[in-house]
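Participant: Structure in structure tokens, see below.
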Amino acid sequence: GEVVVMRDYGLCSAHAMAEIFWDNCGKYALGGNQTKEILPINHIDGVSFFHTCRGSLYFVAATPRNVSPSLIFEMLSRITTVFKDYLGILSEESLKTNFILVYELLDEILDGGYIQTTSSSVLKKNIYNSPISVDGTDEKSSPRSKFKLKFPGLRSKITPHTSANKSVHTTKHKKNSKTPGEVFVDVIERIHARVTPTGEVVSASIDGRITFKCFLRKMALLSLGLDRSIGVNTIGTTAKENSFGNVCLDSCNFHEKAMLQNFDSSREIAFSSCDGETVLMNYRIARQPTPFILPFRIYAHLETLSQHCLLLVIKVKNDLPLDRVGKKVSIMVSLPRRTSSASCATSEGKQNVSGKGEYDAQKQVYKHKCEKMKGGKGMTLLITVVLTERVTNAIRKEVGPIQMDFEAPNYAPSGMKIAHLRIGTGMTVGYPSSPKGPTRWIRYICQSGSYTCRL
């Protein structure tokens, strides 16, 4: 593990702590047949290590003192948010390219190890280094920008997903700028499900959040209106008994500065714009029976072909609407420890027609990847497992679980919808905005959480 950014506040040696953390905790991620993740909190030689993971980056805090874990995790979460706000995209390349800005931000956030502020708006007054953009952090770096047609007086209703990856320190939205600015709103839902080999749903839940990112010339009052069919805290009631309609949220919480005077009557949330990405609302749906349709169905069957060979049949059905597409679809199956080799074919006998698959002998898992899967389509995998010993009931029980990862753009399984987004007073309702006002972009994303099928 390479150390990208490091700051020592005098309680312990940062270089030594980085080596101790990786030597003692890296084995959980890279150690032989172990597939479990690194524990969030580790106590080693009287020092407590707290860490969060963002992609391939580990943000670690080490201290010998007795501190509140909630405080440390909240601090790490806000630091990563500030880095993303100023760098546009959080990656190893962006951190290395803007290491001067990163250290300047750390010095302003933490003074001698004590937290001062984590607000991007407050930090903006004391930050003097400008970020250096890397590939994918702005719209100009997108390949589509080279072929983008522009028509005077008209605004496009579609923008690349990298448009929101801009720094809050950009000079495009200063007060003397002629551009009205932009507001990006994301409705992100992570769906968790556990199903049986026959496709029956054992449990399912949705953890959703609504985030916004503003690039405005000055502070403004924003009003976000949700669809009136949304009900809150309606556990034990049916959709007909719910006064607001069919979408029932079991629980939700809002940003501390959200104004909820009109939420109960018109499902409207008012808030002041601020620099950086902010989570406006978190919500959860976990009632049984499941009030939503799972985007993917998994069916599995295990057969014994011979004394040293097993056949695992996996059928995946895409239940997304026909005009939606599942992206970054991957299926991972844990195989027995005595597996010699594993190969995959479709029902037609052709090798890896839909996507690509490979067997990882070190972790003893078979992983199949498919970049795109259209709604209503399906995929059947025939995984042949060759063993070094005879097939027994104990070996058969080592097969599984089947884990699935995916992403579905422009889709919200809960039915969450944004009715309108108003900016200031006298602005038009809806999006995209009027020619004189800021542009409003809204995106829906469905992501997989713990999506498993147990044999």
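Participant: If the requirement is being at pLDDT 90 or above, within 18 Å of the chain's Cα centre (by Cα) and assigned to a strand (DSSP E or B), which of these qualifies: F59, F50?
Facilitator: None of the others qualify; the one that does is F59.
Participant: Filter the range 1-19 down to the residues that are open to solvent by less than 50 Å² (accessible area, probe 1.4 Å) and not in a loop (DSSP other than H, G, I, E, B), then identify the one that is nearest to V102 (Cα to Cα).
Facilitator: A14
Participant: Checking S251 against (1) touching a Lys or Arg at 6+ places or on another chain (Cβ under 6 Å); (2) free of Cβ contacts under 8 Å to residues at least 60 places away in the same chain; (3) crowded, with 16+ Cβ neighbours inside 10 Å, which test does it fail?
Facilitator: (3)
Participant: Ok, one more. Which one of these does D207 not meet: (1) open to solvent by 50 Å² or more (accessible area, probe 1.4 Å); (2) modelled with pLDDT under 90?
Facilitator: Here D207 meets the rest and fails (2).
Participant: Still on this structure: Yes or no: the range 316-324 includes at least one residue that is over 27 Å from I442 (Cβ atoms), among the basic types (K, R) and modelled with pLDDT of 90 or more.
Facilitator: Looking through the range 316-324, at least one residue is over 27 Å from I442 (Cβ atoms), among the basic types (K, R) and modelled with pLDDT of 90 or more.
Participant: Follow-up question, since we're still on this one. Does the range 260-282 contain at least one residue that is out of contact with any His (no Cβ under 6 Å at 6 or more places or on another chain), of a type in the set (A, V, I, L, M, F, W, C) and surrounded by fewer than 15 Cβ atoms within 10 Å (Cβ to Cβ)?
Facilitator: For the range 260-282, residues out of contact with any His (no Cβ under 6 Å at 6 or more places or on another chain), of a type in the set (A, V, I, L, M, F, W, C) and surrounded by fewer than 15 Cβ atoms within 10 Å (Cβ to Cβ): present.
Participant: Condition first: buried (at least 20 other Cβ atoms within 10 Å of the Cβ) and either at pLDDT below 85 or among the basic types (K, R) (or both). Can you find one or more residues in the range 183-204 that meet it?
Facilitator: Restricting attention to the range 183-204, the residues satisfying the condition of being buried (at least 20 other Cβ atoms within 10 Å of the Cβ) are 183-185, 187, 189, 191, 193, 195, 204.
Restricting the remaining residues to those that are either at pLDDT below 85 or among the basic types (K, R) (or both) gives none.
The answer is no, given that none of the residues of the range 183-204 is buried (at least 20 other Cβ atoms within 10 Å of the Cβ) and either at pLDDT below 85 or among the basic types (K, R) (or both).
Yes/no matrix, rows are residues, columns are (1) under 24 Å from the mean Cα position of the chain (by Cα); (2) among the polar types (S, T, N, Q); (3) buried (at least 17 other Cβ atoms within 10 Å of the Cβ):
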| residue | (1), (2), (3) |
| --- | --- |
| F83 | yes, no, yes |
| E93 | yes, no, no |
| K96 | yes, no, no |
| L101 | no, no, yes |
| G113 | no, no, no |
| I132 | no, no, no |
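Participant: Kindly list, by first and then second residue, each pair from a residue in the range 354-378 that is small (G, A, S) to a residue that is open to solvent by 40 Å² or more (accessible area, probe 1.4 Å) and in a strand (DSSP E or B), limited to pairs with Cβ atoms under 6 Å and residues at least 6 apart or on different chains.
Facilitator: G355/K369; G378/K317
The values are calculated or read from the model by the stated rules, or taken from the named source; none is laboratory data. As the structure is a computational prediction, the values presented were derived from the model and not from experiment. Please note: Cβ atoms are built from the backbone with ideal geometry, for glycine as well, and neighbour counts cover all protein chains shown. With ligands, DNA and RNA removed, areas are computed over all heavy atoms of the protein, side chains included. Shrake-Rupley method; radii C 1.70, N 1.55, O 1.52, S 1.80 Å.
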